[in-house]
Amino acid sequence: MKKVYFCQWCGSATKQDIPDGDDKSRAICTSCGKVTYQNPKMVTGCLVEHDDKVLLCKRKIPPSYGLWTLPAGYMEMGESAVEGATRETWEEAGAEVEVMSPFAQLDIPLIGQTYIIFRARLKTPQFSPGPESIECRLFALDEIPFDSLAFSSMLVTLNLYIEDLKAGKLSFHYGTINKRPGTGPSDIHSYTLDDHLRC
Ligand SMILES: [Zn+2]
């Protein structure tokens with residue numbers, strides 16, 4: 001976790017200490033005394049289905065430039081997860097979608113992120129890469145570029161989706177993605193999916 005060196009309210013220097021009544025070390029302002037809490041961020045996105053294919057975007061921005069992802073990004077203040085997923089799909093893939101159901105919530109404790117991925121369908125059969133994408137494409141399930149996916153979260157999501165379709169029943173999945181010790185962020189295959197729940 002990145003350290004916070006300056007108070008987000010008054011800009012003075014912070015010190016790391018355990019606030020009264022707390023049990024974790026936090027950045028505490030040396031001037032106004034306020035505590036800066038760091039909490040996980042929510043990433044929201046869409047698994048867009050069309051003609052038995054799924055929509056992927058090739059990233060034009062770091063990290064994972066040139067690798068494929070579902071359209072997804074950080075939720076903004078003032079929007080819901082569904083609104084965020086719809087917006088990200090519009091921004092990254094130029095696709096207008098209707099969200100159908102939640103598909104997966106995947107926590108990645110190591111990096112403080114939670115992904116929520118919705119199944120969605122195209123309102124019109126049109127899409128085109130936005131400024132953050134090199135290319136957007138519909139992939140049949142046996143064409144998905146598993147060797148050049150951008151993130152573990154997308155690998156897990158697509159694997160669960162394919163397993164569900166093979167089993168003939170789509171579920172909602174919760175799971176925790178734990179990276180194996182000693183692996184870097186670019187090694188998306190070195191993880192375990194723990195606490196996997198489905199309904
Ligand atoms: Zn302060």
Which cross-chain or sequence-distant (5 or more) residues have an amide H under 5 Å from the amide H of Arg26, H modelled 1.01 Å from N in plane?
Asp17, Ile18
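For each pair in Lys53/Lys169; Lys123/Lys169; Lys24/Lys179; Lys60/Lys169, compute the distance between the two Cα atoms and list the pairs where it is over 28 Å.
Over 28 Å Cα-Cα: Lys60/Lys169.
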Would you tally the net charge around Ile117, using a Cβ to Cβ cut-off of less than 13 Å, leaving Ile117 out, and scoring K and R as +1, D and E as -1?
-3
Tell me, what is the FRET efficiency for Ser80 and Lys3 to the nearest 0.05, using R0 = 25 angstrom and their Cβ-Cβ distance as r?
0.20
What relative contact order, as a whole-number percentage, does the chain give when Cα pairs under 8 Å and 6 or more residues apart are counted?
19 percent
Relative intensity, log₁₀ I(q)/I(0), of the chain from a Debye sum that treats every alpha carbon as a point, q = 0.09, 0.16 Å⁻¹:
-0.40, -1.02
Would you kindly derive the ³J(HN,Hα) couplings of region 145-156 from the backbone phi angles with the Karplus curve 6.51 cos²θ - 1.76 cosθ + 1.60 (θ = phi - 60°), listing them in order in whole Hz, with x for Gly and Pro?
x, 5, 7, 9, 8, 7, 9, 4, 4, 6, 4, 4
Cβ-based net charge around Gly175, under 14 Å, with every Lys or Arg adding one and every Asp or Glu removing one
-3
Can you say what percent of the DSSP beta bridges in the chain, counting only those with both residues inside, are antiparallel? Round to 5.
75 percent
Using Cα centres only, tell me the gap between region 4-30 and region 115-169 in whole Å.
41 Å
Build a GNM of the chain with springs between Cα atoms under 10 Å: which of Thr183, Thr157, Thr86 gets the top mean-square fluctuation?
Thr183
Segment Glu132-Tyr174, extension gain: residue separation times 0.36 nm, minus the distance between their alpha carbons:
12.3 nm
Neighbour cut-off at most 16 other Cβ (10 Å), DSSP loop, GluC sites (Glu not before Pro), region 16-116
Glu76, Glu79, Glu96
Tell me, what HN-Hα J-couplings in whole Hz come from the Karplus equation 6.51 cos²θ - 1.76 cosθ + 1.60 at θ = phi - 60° for each residue of region 190-199, using x for Gly and Pro?
9, 8, 10, 9, 10, 6, 6, 10, 9, 9
Taking placed amide H atoms and a strict 5 Å upper bound, the residues 5 or more places from Phe6 or on another chain that come that close are Thr14
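Read-outs throughout are calculated quantities, based only on the coordinates presented, and are distinct from any laboratory measurement. Just so it is clear, the structure is predicted and the values come from calculations on it, not from any experiment. A quick note on method: Cβ atoms are made from the backbone with ideal geometry, for glycine too, and the neighbour counts reach across all protein chains shown.
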